[in-house]
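Read the structure below first, then the notes.
The values are calculated or read from the model by the stated rules, or taken from the named source; none is laboratory data. Everything numeric here is computed off the predicted structure, so don't read it as measured data. Don't worry about glycine lacking a Cβ; one is built from the backbone with ideal geometry, like all the others, and counts go over all protein chains shown.
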């Protein structure tokens with residue numbers, strides 16, 4: 001790990017509120033919205049529809065957010081701006097998106113660029129959806145367990161306490177601990193909830209607006225073998241899919257690599273890949289230059305080398321994209337399956353402790369009659 005990693009993340013993304021008010025509001029589009037927009041534009045342009053007419057047709061059946069974005073694009077095109085510049089002026093699209101549109105505009109293959117972007121965002125949307133769906137079950141189990149624990153120690157156990165006191169039963173230490181824990185939750189419930197919400201909000205704010213906090217999380221993640229493997233596959237998959245699309249669109253290799261690094265949205269990785277770009281500009285091969293970043297799997301470097309030598313780099317990147325996307329899904333599925341037994345064990349331990357804490361004094365109660 002580089003010693004300068006913290007320097008790479010010292011920039012803050014926090015924007016002064018006064019400056020924010022001066023800027024025109026932008027509407028960031030989600031992967032599914034981008035997929036639908038590009039898909040519809042590709043179909044209309046393929047059918048020979050004029051660009052303005054195509055936007056107007058899509059606008060009439062879109063959500064208010066997308067209508068605002070399209071209105072801005074139409075206005076800019078009518079003022080004489082290029083299509084890519086009109087997209088850029090909305091502040092709603094990434095540099096990757098704009099560069100792909102610009103390449104399609106210059107080569108006269110805008111419909112081809114739109115269709116490629118539609119496929120790209122469709123794959124991104126499906127990949128994210130698969131990951132979310134795999135996380136739903138363990139997340140549901142954990143939340144249900146936490147709710148059950150809180151209900152047990154705040155509502156069920158206190159009822160037993162009054163029974164034990166009335167019958168003058170000596171309460172065991174373990175039972176007292178659970179009873180006191182329940183009292184603490186009941187007496188400080190609002191404070192605990194407020195504290196948890198503050199912590200979660202603080203973490204979310206730091207992650208979204210400061211690179212330094214992202215750096216710390218990234219370093220910690222890289223030191224955990226399981227998470228490190230997931231991150232490496234995620235980075236490789238996204239880099240391959242983005243670079244392939246940019247190369248197919250006719251964008252120069254150095255610009256394509258630089259944009260692909262930005263799409264990963266990790267400044268540490270971006271800085272490392274910039275080193276590769278310098279070596280490509282010096283005349284070194286793409287595979288050798290990218291290998292110097294020490295970010296990507298050796299198998300990817302080998303595949304890129306084969307693609308360079310055969311002149312089929314885009315096809316090799318497509319194969320790599322499919323390979324690492326599949327590996328990523330399998331890896332996440334394995335991690336989740338390994339977590340499930342751990343959750344069951346934790347639940348079992350709590351149920352056992354709860355049973356012992358309640359049954360022991362109940363035996364004393366039954367023997368007193």
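For the structure I just gave you, tell me whether residue 79 is more than 14 Å from residue 248 (Cβ to Cβ), surrounded by 18 or more Cβ atoms within 10 Å (Cβ to Cβ) and modelled with pLDDT of 90 or more. First the steps, then the outcome.
Working: more than 14 Å from residue 248 (Cβ to Cβ): yes; surrounded by 18 or more Cβ atoms within 10 Å (Cβ to Cβ): no; modelled with pLDDT of 90 or more: yes.
When the stated conditions are applied, residue 79 does not pass them.
With the checklist (1) touching a residue at least 12 places away in the same chain (Cβ under 8 Å); (2) more than 20 Å from residue 120 (Cα to Cα); (3) part of a helix (DSSP H, G or I) in hand, flag the one item residue 242 doesn't pass.
Residue 242 satisfies all of (1) touching a residue at least 12 places away in the same chain (Cβ under 8 Å); (2) more than 20 Å from residue 120 (Cα to Cα); (3) part of a helix (DSSP H, G or I) except (2).
Go through the range 35-71 and give me each residue that's without any contact (Cβ under 8 Å) to a residue 12 or more places away in the chain, part of a helix (DSSP H, G or I) and more than 20 Å from residue 122 (Cα to Cα).
Listed by number, the residues that qualify are 53, 64, 67.
Any residue at all in the range 22-30 that's touching a helix residue (DSSP H, G or I) at 6+ places or on another chain (Cβ under 6 Å), without any contact (Cβ under 8 Å) to a residue 60 or more places away in the chain and more than 27 Å from residue 253 (Cα to Cα)? Show your work before the answer.
Restricting attention to the range 22-30, the residues satisfying the condition of being touching a helix residue (DSSP H, G or I) at 6+ places or on another chain (Cβ under 6 Å) are 27.
Restricting the remaining residues to those that are without any contact (Cβ under 8 Å) to a residue 60 or more places away in the chain gives none.
No, the range 22-30 contains no residue that is touching a helix residue (DSSP H, G or I) at 6+ places or on another chain (Cβ under 6 Å), without any contact (Cβ under 8 Å) to a residue 60 or more places away in the chain and more than 27 Å from residue 253 (Cα to Cα).
Looking only at residues in the range 214-230 that are part of a helix (DSSP H, G or I) and without any contact (Cβ under 8 Å) to a residue 12 or more places away in the chain, which one is surrounded by the fewest Cβ atoms within 10 Å (Cβ to Cβ)?
The first filter runs over the range 214-230 and keeps only residues part of a helix (DSSP H, G or I), leaving 214-222, 225-230.
Keeping just the survivors that are without any contact (Cβ under 8 Å) to a residue 12 or more places away in the chain gives 216-217, 220-221, 225, 227-228.
On the way: 216: 15, 217: 13, 220: 10, 221: 13, 225: 7, 227: 13, 228: 12.
Ranking the qualifying residues of the range 214-230, first place goes to 225.
When both residues are 6+ apart or on different chains and their Cβ atoms are under 7 Å apart, which pairs have a first residue that lies in the range 318-329 and is on the phi < 0 side of the Ramachandran plot, and a second that is surrounded by fewer than 16 Cβ atoms within 10 Å (Cβ to Cβ) and modelled with pLDDT under 90?
Short answer, once both residue conditions are applied: 329/130.
Select from the range 189-201 the residues that are modelled with pLDDT of 85 or more and touching a helix residue (DSSP H, G or I) at 6+ places or on another chain (Cβ under 9 Å) and list them in ascending order.
The initial filter retains those residues of the range 189-201 that are modelled with pLDDT of 85 or more, namely 190-201.
Passing the criteria: only 192.
Looking at 164, 140, 204 in this structure, which one is touching a helix residue (DSSP H, G or I) at 6+ places or on another chain (Cβ under 6 Å) and either under 30 Å from residue 321 (Cβ atoms) or assigned by TED's automatic domain parsing to the domain that holds residue 322 (or both)?
Working: 140 fails: touching a helix residue (DSSP H, G or I) at 6+ places or on another chain (Cβ under 6 Å); 204 fails: touching a helix residue (DSSP H, G or I) at 6+ places or on another chain (Cβ under 6 Å).
Answer to the check: 164.
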